[in-house]
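Written below as structure tokens is the structure these notes are about.
The values are calculated or read from the model by the stated rules, or taken from the named source; none is laboratory data. All values reported here derive from a predicted model rather than from experimental measurement. Cβ atoms come from the backbone with ideal geometry, glycine included; neighbour counts cover every protein chain shown.
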Amino acid sequence: MRSWLAYLMEEGYAASSVHRKLSSINAFFRYLKKMGIVQHNPARGIPKPKKPVRLPVFVDEAAARGLYQITENAVQEGDDEFCALRDQLIVTILYETGIRQAELLNLKDSDLDESIGQIKVLGKRNKMRYVPIGREMTQKLQEYIKMRDEQNFHRTSDHLFVTERGKKISKTFVYLKVKSYLSQVTTIKRKSPHVLRHTFATHMLNNGADLNVIKEILGHSSLAATQVYTHNSIEKLKSIHSRMHPRNN
């Protein structure tokens, strides 16, 4: 069994593919053992090959600043101020808070607490948390809600962000908006809402935020899930070291 796994790796199979094959064989032999056909499971206890660490994809701080400039220009110069402001808030909230796309979609007016500058977020496994927002974001949200309520459409949803017809926005809607704006400031391949979540965490860490604070804001159940962002921070330090240290020049 071990020789076969080694052969697969030598043939260039990805670690994830080898994992699946080993899991399938393990399940098959568990079944045979249960049926009394075999007495031993040769796949049991065999260590799986390590999967390569996939670093979170994020945009740099210059590109993030570009997002604000582009979305603000759209608000100032666009024909439909309501739609432009809504789209701007969708992008900037994802970046400034690190909330998930699903959490953004489910935000309601009642989740916004303007007095102390925070939003209530319902995360995975119905876990509630409170995420701080800045004064400028709070003011923008108040402006958006006022503008939205002055529209002539009949609202069919009590959610914070709605379409021009008053309906709850969809995952596809958010994805396309984020992809459109990110395409204007970065050349990275992945341009999804989750990239903005990764960007939030990476920028927070690079600017000195405590890892436990980031964990609470992101709604991670364990610190291990948040620690993946330290890899990006280390890569940044290595890059600076290689450029700045006199022995590397």
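The number of residues in segment 94-131 that are exposed (fewer than 13 other Cβ atoms within 10 Å of the Cβ) and either under 19 Å from F200 (Cβ atoms) or not assigned by TED's automatic domain parsing to the domain that holds L182 (or both) comes to 2. You will find that of L85, L22, L67, the residue that is surrounded by 12 or more Cβ atoms within 10 Å (Cβ to Cβ), not assigned by TED's automatic domain parsing to the domain that holds H198 and not basic (K, R) is L22 and no other.
On the basis of being among the β-branched types (V, I, T), in contact (Cβ under 8 Å) with a residue 60 or more places away in the chain and farther than 15 Å from V59 by Cβ, does I217 make the cut? It is true that I217 is among the β-branched types (V, I, T), in contact (Cβ under 8 Å) with a residue 60 or more places away in the chain and farther than 15 Å from V59 by Cβ. Looking across R125, R155, R100, one residue alone is within 18 Å of the chain's Cα centre (by Cα) and modelled with pLDDT under 95. It is R125. Please count how many residues of segment 8-44 are over 33 Å from the mean Cα position of the chain (by Cα) and closer than 29 Å to T226 by Cα. Residues that pass the stated criteria total 0.
From the list H159, H231, the lone residue that is over 19 Å from K108 (Cβ atoms) and not small (G, A, S) is H231.
Selection over segment 167-197 of residues that are at pLDDT below 95 and either closer than 26 Å to R155 by Cα or touching a Ser or Thr at 6+ places or on another chain (Cβ under 9 Å) (or both) gives a count of 2.
Which of the following residues is outside any helix (DSSP H, G or I) and within 21 Å of E143 (Cβ to Cβ): I119, I70, I90?
The unique qualifying residue is I119.
Within segment 156-180, residues that are in contact (Cβ under 8 Å) with a residue 60 or more places away in the chain and closer than 26 Å to A63 by Cβ reach partners that are surrounded by fewer than 15 Cβ atoms within 10 Å (Cβ to Cβ) and polar (S, T, N, Q) with beta carbons closer than 9 Å, at six or more positions or on different chains, in the pairs I169/S157. Number of residues in segment 2-39 that are more than 16 Å from P52 (Cβ to Cβ) and not in a helix (DSSP H, G or I) equals 6. Among helices (runs of 4 or more DSSP H) entirely within segment 159-233, having at least 1 residues that are within 22 Å of I70 (Cα to Cα) singles out 171-182, 193-206. The single condition among (1) surrounded by 17 or more Cβ atoms within 10 Å (Cβ to Cβ); (2) under 25 Å from T187 (Cα atoms); (3) in contact (Cβ under 8 Å) with a residue 24 or more places away in the chain that L55 does not satisfy is (1).
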